[in-house]
Structures are given as structure tokens and as C-alpha cells.
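Okay, so here's the structure we're looking at.
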Amino acid sequence: MKILVTGGAGFIGSAVVRLAMRRGHRVTNLDALTYAACLDNVTPVSDMAGYSFVQADIRDRAALDAVFAEHAPDAVMHLAAESHVDRSIDGPGAFIETNITGTYNMLEAARGYWVGRGRPDGFRFHHISTDEVYGSLPADPAIKFTETTAYDPRSPYSASKAASDHLVRAWHETYGLPVVLSNCSNNYGPYHFPEKLIPVVILNALAGKPLPIYGDGTNIRDWLYVEDHADALLLVMQKGRPGRSYNIGGGNERTNLDLVRTICAILDEKRPRPAGSYAEQITFVPDRPGHDARYAIDAGRIRDELGWRPSVTVEEGLEKTVQWYLDNEAWWRALQDRHGVGERLGTRA
Ligand SMILES: NC(=O)c1ccc[n+]([C@@H]2O[C@H](COP(=O)([O-])OP(=O)(O)OC[C@H]3O[C@@H](n4cnc5c(N)ncnc54)[C@H](O)[C@@H]3O)[C@@H](O)[C@H]2O)c1
């Protein structure tokens, strides 16, 4: 297939690009190259036949029309977004423009292209979204997010993603655009931009800096290894039923404190600290405003309908991730002077 991937120089988008190329698809990677992008993420496949990159902004409708006309995709996988909750607290405007208006532009450009080609049934517009649209769960482990959980976003980021999900569904119901949606839990793995919890913890640990934990560290997330997610996304794009949503989770609920202690234990094995465990660097910092207590995914639909399961536990995925950061110092060093990296963000509320 010929796939137009938006946000393919970011963390998850680049995992999708790498996997799609290795599976023999052709990929057009469309990305504005914001602070969160890194084209090195796709270096492993960028010389392969069938790969192309276009620097374009999804807020620019004319640029999108030109990309559709020139690259003629069979499917769109739309991942481009502003993605960092803390940045959305300090500056929500970019989240509204990219996540809502940008998605609207993508839908309209895709619709114009699809109609112009005679509305092919096989065309897909896959919108990649987050479980954060569902809000925060109580502690009861029996309660998880399903595809019918009511939307209840609580941050500017999740509200902008919820709005984009509603637009995508509306374009299906109103115009018949063959869309599929997926909402996933927190991703982690190689090429994770060093402003998110797991890379921050690994890199601060190695630098002898405090390992910041928001609040008391009891917030629970359901961790999904990014390469498992990319596999699930290609499956949803190819086999998902038009108009339908699929929740994707790793089945790995952990408190932030447990997660950080696991990373410390892995580092204690791989790169022992002469002065004792890295866990001694754990530091509790003031909580994020409106910090959701718990996210957990019921992945029953994608498992039962499409046969997908995650391939790794969080312990296995973290072991691979820590090793990747130890082996790829040049990659993360080059990103550490980007705007806001290493600073505490999201405290201006
Ligand atoms: N990271 C997670 O844990 C997670 C969880 C659930 C859902 N998601 C969703 O998955 C998608 C990808 O997330 P990620 O973590 O890879 O994000 P990321 O921030 O690492 O990458 C986003 C990419 O989008 C590009 N981009 C941003 N604004 C753009 C614009 N206006 N035009 C074109 N490109 C633009 C950036 O340059 C970057 O390469 C997002 O839609 C996000 O909401 C992420």
C-alpha cells in the first residue's frame, strides 16, 4: 500500500514509518518538523525505495492538497499533533491550531482527494488518538476504558484530541469518508523525545540529576511499547471496520513510582552507580495541575476482532528501552538543547 503518514518524524509516527517500510509498504512522511521532530528517527529506512519525506504543516490546507495530488495515497495514518500535556498547560493555542484545525484540514484534503478519485471503498483515513480523551479512572482495577466510555477530557491536550476525534467521526457519518480511529495508552520505547517521563528518568539518572516524580507518584498509566503500538496501528488501518474505534493498550498498569523504580533497577544492573542505587535520586515535585489519577485500557475489541496482542511486558519493554538509550547517546544528546527540554513545564496554570 501507499501510506501517507503525518507526524512521521515524531516518536510514534517514526515507529509506524519504520515498520511500514520494513513490511513492504510505500510511505510518504509528512511532518512540519516542530521541536518534537527528529528525522534521524527514520534514518534506518529513509534510503529504501518507496520512502519520501515532505516538510509540510497540517495547518496549511493548500500544502496538504498538493501532497495528496502528488503522492496519491491508498491510506492516511494521521499522527501529527502537539502531544505534550505540560506544554498544553503553558500554551494551549498551538494544540487548538494543530490538533483541531490541522485535523479538520487533513479531513477536508482527504475528502476532496477521495471524492475526486470516485470514492474508492478501500481508502482509509486512520486517526490516531489517545486514551486521555476519556478522562481519569477510579482505582478499581475492574474499571477500564472501553470504546463506549463517555469522553471527559481534562487537559487542553486531551480536549483538543477529543475534538479531533469528534471531527473524524462526523466526516464519516456526514460525508461517508472511510475512517478508522484508535485510542491508545501511554507509549514508551526507542526514539522517545527526552521531555517525557521515561526518557527523562533514564537520562537524568545517567547524569546524576534528580528523578522528578509528580505528586506522590501514585498516578497509574497502562504502558504500551511503541513497536507493539505501530504493529497494532498497521492492523487497524488495514483490517479495522470503517467508522469504528479501537482501544490499544499494553495491559501493563503501573504507578509512576513503580515504573521509575523498575527503570532504576534495570540501570543498576546495566550501568551500576558506584554510590548505590539510582533510586536514591528519586525526588517528589509538585503535581501537574489536573493530573489524571489512572488510565487503563480494555483492549478486548482489537484482540477479539483483529487478533492483536502486545508482544512484551512492561519489564521486557523497559529493558529494551534502557538498552537503546545506553546505545544511542548521540541521538539523545543532540536533542537536549531543544526549547524547554530539561525544564519543568506546565506549572503556569
Ligand atoms: N506518546 C504517547 O504516549 C501517545 C499516547 C496516545 C496517543 N498519542 C498520539 O499519537 C500521535 C503521535 O504522538 P507522538 O508521541 O509520536 O508525538 P510527537 O510529539 O513525538 O510527534 C509529533 C510529530 O508531529 C509533528 N507535527 C506537530 N505539529 C505539526 C503540524 N502542525 N504539521 C505537521 N506536523 C506536525 C511534529 O513535528 C512531530 O514530528 C499524536 O497524535 C498523539 O496525540 C501519543
- [ ] Could you work out how far apart the two model spin labels at Arg271 and Glu315 are, taking each label as a point 7 Å from the Cα in the direction of the beta carbon, and quote it in nm?
- [x] 2.3
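Work out, in µm²/s and without decimals, the Stokes-Einstein translational diffusion coefficient of the range 216-349 at 37 °C, 0.692 mPa s, Rh from Kirkwood over C-alpha pairs. Walk me through the numbers before you get to the answer.
Details: Rh = 17.5 Å.
Estimated via Stokes-Einstein, D reaches 187 µm²/s.
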TODO: Measure nothing but the geometry: give the 0 to 90° angle between the long axis through the Cα atoms of 11-22 and the longest principal axis through the Cα atoms of the chain, rounded to 10°.
DONE: 60
TODO: Quickly work out the Ala49-to-Ala62 label distance, labels modelled 7 Å from Cα along the C-beta direction, and quote it in nm with one decimal.
DONE: 3.6
- [ ] Averaging sequence separations of C-alpha pairs under 8 Å and six or more residues apart, then dividing by the length of the range 94-223, give the relative contact order as a whole percent.
- [x] 28
Task: Approximate spin-label separation Asp40-Thr255, in nm, with each point projected 7 Å along Cα-to-Cβ - done: 3.6
Task: Distance from the range 131-184 to the range 51-73 (C-alpha centre basis), Å - done: 26
- [ ] Could you work out how far helix 197-207 tilts from the main Cα principal axis of the chain, as a 0 to 90 degree angle to the nearest 10?
- [x] 40
- [ ] Any chance you could get the radius of gyration and Dmax over the Cα atoms of the chain, in Å?
- [x] 19.5, 67
Task: Net lengthening on full extension, Ala150/Asp74 (0.36 nm per residue, minus Cα-Cα) - done: 24.2 nm
Task: Rounded to the nearest 20 debye, dipole of the chain from Cβ charges on Lys, Arg, Asp, Glu - done: 520
Task: Where a label projected 7 Å from the Cα of Tyr175 along Cα→Cβ would reach, residues of the range 84-102 with amide N under 18 Å - done: 98-102
TODO: Report, to the nearest 10°, how far helix 102-116 tilts away from the longest principal axis of the Cα atoms in the chain, using its own Cα long axis and a range of 0 to 90°.
DONE: 30
Task: Between the range 10-26 and the range 227-252, the Cα center-to-center distance that results, in Å - done: 14
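Excluding Leu64 itself, calculate the net charge of residues whose Cβ lies under 15 Å from the Cβ of Leu64, where each Lys or Arg counts +1 and each Asp or Glu counts -1.
Counting the neighbours of Leu64, the net charge comes to -4.
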Task: Expected 222 nm ellipticity per residue - DSSP helices of 4 or more, -39500 (n - 2.57), all of the chain, to 500 - done: -11500 deg cm²/dmol
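All of the numbers you see were taken from the coordinates with simple rules; none came from a lab. The structure presented is a predicted model; accordingly, all values stated were derived computationally and were not measured. Every residue, glycine as well, gets a Cβ built from its backbone with ideal geometry; the counts of neighbours run over all protein chains shown.
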